[in-house]
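To start, the structure under review is shown below, and the notes come after it.
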Amino acid sequence: MSMNLNDFKVAPGKKISLKDYDSGWVPKWAESLEEKTAKEKASGILAENIQKLVDLQELFWANQTYAMLIILQGMDAAGKDSVIKHVMSGVNPEGCQVTSFKTPSEEELNHDFLWRNEKALPERGIIGIFNRSYYEDVLIVKVRPKVLASNKLPPADTGKNFWSERYEDINMFERHLVRNGTITLKFFLNLSWKEQKKRFLKRLEDSDKYWKVSLMDFSERSKWVDYMAAYEEMLNMTSTDWAPWYVIPADKKWVTHEVISEVILSQIASLNLKYPVLSEEQRAAFEKAKKELEKE
């Protein structure tokens, strides 16, 4: 694999523009291949990565030192559900948890914006996936001011420094997580306007897929430019040394899956984890138990 994962990372402190990221990017090995052939080869690469992830996830779970939080953000139809379904398909369900965040409930609105996310954080040894997250509170809440008005905040809290302070809250929250052993991986699925239209139309052509679409999706599409501006600022303000953002090409799902699987694998592998070593006392106890079983 010759892919440079740093090409997708938003360098902390360096302002980026989403216009500089190609949502239809493909790896060099696929540039000269027809789409069907590239997808077939990518399927094989993903299968290999999934098997590696299965092995590493077992080690991650057994080690019980770190947790991993994977955050997926992107416009409707960007492929968040598809990433969860395909990239994590082989992982032991006991070592993985998925939380999807919808419109906040009354109870959730009665707490700070991080509260419902904190409750869903993975414990040590677990890979937790947030399908959307607290980042919605600097995205939809920013694009649609009426949503902010429903958040029950004191008037003084919504002044001119509101957004910079909210970004600061997020950065400090993630620093706390990382300092306490929660590896935080953040993926923005960079879908193009054209590809979103294509996916929406595909869903609308199949009545069995209507459940995947809501009228709100089309309303959000009408504010595409505002959302892209909000995402760009989010990436620039919250990509940190401890929890960087990755801008993932999302027009081709097979590319999305390959890149994200590579990032996850590289992060777990970099920990150089080992299986727990038994003490002499523990080893003796297991040997004794083995002999007792053999006598039965």
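The slack between residue 147 and residue 82, meaning 0.36 nm per residue of separation minus the straight C-alpha distance, is 20.6 nm.
Where the alpha-carbon atoms of the range 1-52 are placed on the principal axes, they occupy 37, 27, 15 Å, in descending order. Across all Cα atoms of the chain, the radius of gyration (one decimal) and Dmax (whole number) stand at 21.5, 76 Å.
Counting every alpha-carbon pair across the range 47-106, the share separated by more than 18 Å comes to 44%. The ellipsoid that matches the Cα gyration tensor of the range 1-118 has semi-axes, each √(5λ) in whole angstrom, of 30, 23, 16, with the longest given first. Rounded to the nearest 5, the antiparallel percentage of DSSP beta bridges internal to the range 5-295 is 5%. The peptide list 285-294, 18-27, put in order of mean Cβ contacts within 10 Å with the highest first, becomes 18-27, 285-294. Annotation for residue 206 and residue 36: the two label points, set 7 Å from Cα along the Cα-Cβ direction, are 1.9 nm apart. Residues whose amide H comes within less than 5 Å of that of residue 129, counting only those at least five positions distant or on another chain, are 70, 97, 98, 99 (H built at 1.01 Å from N in the peptide plane).
Counting each DSSP H run of 4 or more residues in the chain as -39500 (n - 2.57), what helix-only mean residue ellipticity at 222 nm follows after dividing by all residues, to the nearest 500 deg cm²/dmol? That calculation yields -14500 deg cm²/dmol at 222 nm. Multiplying the residue separation of residue 279 and residue 233 by 0.36 nm and subtracting their alpha-carbon distance yields 11.5 nm. Short-range pairs are left out: with C-alpha atoms under 8 Å and at least six residues apart, the relative contact order of the range 5-295 is 34 percent.
Projected label points at residue 3 and residue 62, each 7 Å from Cα along the beta carbon direction, are separated by 2.7 nanometres.
Three principal axis extents describe the C-alpha atoms of the range 218-270; from largest down they are 41, 28, 12 Å.
Coordinate-derived values only; no laboratory data. The model shown is predicted, which means the values in this text are computed figures rather than measured ones. Note: ideal-geometry Cβ built from the backbone for every residue, glycine included; neighbour counts use all protein chains shown.
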